[in-house]
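Written out below as structure tokens is the structure these notes cover.
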Amino acid sequence: DPLAVTAPGPEHLIRAEIRELSAYPVPSARGLIKLDAMENPYEWPPSLRNAWAETLSRLPVNRYPDPKGTELVTRLRTVMGVPGEAALLLGNGSDELIQILLMAVSGPGRVVMAPEPGFVMYRMVARWLGLEFVGIPLKPDFSLDMPAMLAALERHRPAVTFLAWPNNPTGNLWPRAEMETLIRAAPGLVVVDEAYGPFARDSFLPDVGKDSRLLVMRTVSKLGLAGLRLGYLCGMPAWIEELDKVRLPYNINVLTQAAAEFALAHHGVLDEQAAWIRRDREALFKALAALPGVAPFPSEANFILFRVPPGRGREIFEGIRAGGVLIKDLSGQGGLLADCLRVTVGTPEENTRFLAALEAAL
Ligand code: PMP
């Protein structure tokens with residue numbers, strides 16, 4: 001067989017730093033209440049679902065999508081309140097925007113920075129692209145270590161600094177004044193990642209344009225449209241035009257463009273659901289705080305990070321899963337996240353089921 005020659009295996013071709021990685025883990029939630037990934041637990045009202053399906057059924061899927069997503073961009077601008085002078089870049093989830101951004105700046109000696117614990121994709125994508133990643137530890141209460149952040153900006157001169165606001169997995173919103181200090185001090189681009197913006201009391205979206213290096217990244221995922229895969233990056237046109245050059249053509253498919261446009265035209269439904277989630281987050285926080293040995297951290301997102309008794313993180317996570325609820329176990333990461341688990345705010349019934357499973361596991 002002419003093809004049966006000894007070909008070099010992955011160890012000869014795949015870079016060592018890639019071979020050392022694990023693919024992004026997504027555990028199965030079959031048969032479980034899914035509170036692990038910060039999804040919105042609510043469905044759409046049946047009447048709207050039908051109208052939505054009808055809209056999608058008329059789409060010409062034999063044609064490529066609008067490469068710029070013109071109508072969707074227009075809708076996003078008005079619904080989300082994007083400043084007039086700012087431009088938008090659409091991504092297949094904000095994950096893709098992180099990739100686009102880092103591809104555009106990657107090169108020898110280029111550094112990416114973010115506080116840690118933070119969103120893992122910043123570090124992952126930097127690694128894929130051979131960029132150096134500098135993670136600056138938060139303080140034990142998950143506040144920013146401002147002297148350390150400022151010193152690192154000066155020393156490493158990062159091309160891109162990510163500030164997730166609210167932060168994942170900690171859920172807190174750092175003071176605006178500290179954010180502004182960092183944006184001013186950064187030598188490169190600053191991405192304020194507002195994935196959890198719908199659940200927080202403040203946003204930098206209206207500030208885009210005040211400092212030309214400020215980019216605000218958002219997603220429709222946490223809002224209730226995670227399955228569509230749509231994120232948007234908002235910044236001054238000079239930056240967005242450059243980043244657009246490393247975007248693959250047609251990255252937002254026909255179905256996503258039309259489905260998101262429809263959903264945003266009825267955004268009152270999503271806004272109402274976000275309000276329920278914010279309300280139920282407070283109830284869930286109080287219930288967690290009342291459990292002996294459990295310490296929740298204040299959250300402005302649609303999830304709550306909480307600490308369990310020392311050394312029992314994995315066991316309690318498994319116990320909750322055995323009780324029918326999937327959350328996220330971060331306890332294995334140690335450091336500031338030692339003994340920490342993270343739960344997404346679900347429906348009131350789901351939250352009750354989770355609390356019962358947690359209590360049983362304790
Ligand atoms: N940023 C942060 C801080 C996140 O937590 C997430 C999702 N976990 C994302 C971005 C990515 O979201 P998506 O790709 O669904 O838009």
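Structure values in brief
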| quantity | calculated |
| --- | --- |
| DSSP bridge pairs, the stretch 176-335: antiparallel proportion in percent, nearest 5 | 55 percent |
| Entries in Lys245/Lys328; Lys34/Lys139; Lys222/Lys328; Lys68/Lys328; Lys222/Lys245; Lys139/Lys210 that, when Cα-Cα distance is taken, lie over 25 Å | Lys245/Lys328; Lys34/Lys139; Lys68/Lys328; Lys222/Lys245; Lys139/Lys210 |
| Cα-centre dipole for the stretch 1-150 with unit charges at Cβ (Lys and Arg positive, Asp and Glu negative), debye to 20 | 320 debye |
| Percent of C-alpha pairs per 10 Å bin, the stretch 37-153, short to long | 10, 24, 31, 22, 11, 2 |
| The stretch 173-179 - phi-based ³J(HN,Hα) in whole Hz, Karplus 6.51/-1.76/1.60, Gly and Pro as x | 10, 5, x, 4, 4, 5, 4 |
| Furthest towards positive pole of dipole, Pro169, Thr256, Ala195, structure part the stretch 61-266, Cβ charges | Thr256 |
| Antiparallel DSSP beta bridges within the stretch 61-266, as percent of all bridges there, nearest 5 | 35 percent |
| Stokes-Einstein D in µm²/s, Kirkwood radius over Cα pairs - the stretch 61-266 at 4 °C with 1.567 mPa s viscosity | 75 µm²/s |
| Antiparallel content of DSSP bridges confined to the chain, in %, to 5 | 45 percent |
| Unit charges on C-beta of K, R, D, E only; dipole of the stretch 61-266, Debye | 240 debye |
| Karplus (6.51, -1.76, 1.60) ³J(HN,Hα), θ = phi - 60°, over the stretch 103-112, in Hz, Gly and Pro reported as x | 4, 5, 9, 5, x, x, x, 7, 10, 10 |
| Burial ordering of Val112, Val134, fewest other beta-carbon atoms within 10 Å first | Val134, Val112 |
| Exposure proxy ranking, count of Cβ atoms within 10 Å, fewest first, for Met103, Met113, Met80 | Met103, Met80, Met113 |
| Whole-angstrom gap from the stretch 53-116 to the stretch 308-362, using each part's C-alpha centre | 34 Å |
| Radius of gyration and Dmax over the Cα atoms of the stretch 274-316, both given in Å | 11.3, 35 |
| Positive-end residue of Tyr122, Phe133, Gln99, charge dipole of the stretch 87-143 with Cβ unit charges | Phe133 |
| Helix-derived mean residue ellipticity, 222 nm - over the chain, DSSP H n ≥ 4, -39500 (n - 2.57), to 500 | -11500 deg cm²/dmol |
| Neighbour-count order for Tyr42, Tyr196, Tyr250, fewest beta carbons within 10 angstrom listed first | Tyr250, Tyr42, Tyr196 |
| Alpha carbon convex hull of the stretch 115-213, projected area averaged over orientations, nm² | 6.2 nm² |
| Mean shadow area of the chain over all directions, Cα convex hull, nm² | 21.7 nm² |
| Share of Cα-Cα pairs in the stretch 13-92 lying beyond 22 Å, as whole percent | 63 percent |
| J(HN,Hα) series, the stretch 151-164, from Karplus relation 6.51 cos²θ - 1.76 cosθ + 1.60, nearest Hz, glycine and proline x | 5, 5, 4, 5, 6, 9, 6, x, 5, 9, 10, 9, 10, 7 |
| Long-range HN-HN contacts of Ala87 with modeled amide H, under 5 Å | Gly235, Met236 |
| Under 5 Å, built H, 5+ apart or other chain: amide partners of Phe303 | Val345 |
| Long-range HN-HN contacts of Ile136 with modeled amide H, under 5 Å | Ala114, Glu116 |
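Throughout, read-outs are computed from the coordinates displayed, never taken from laboratory work. Quick caveat, the model's predicted, so the values are computed rather than measured. A quick note on method: Cβ atoms are made from the backbone with ideal geometry, for glycine too, and the neighbour counts reach across all protein chains shown.
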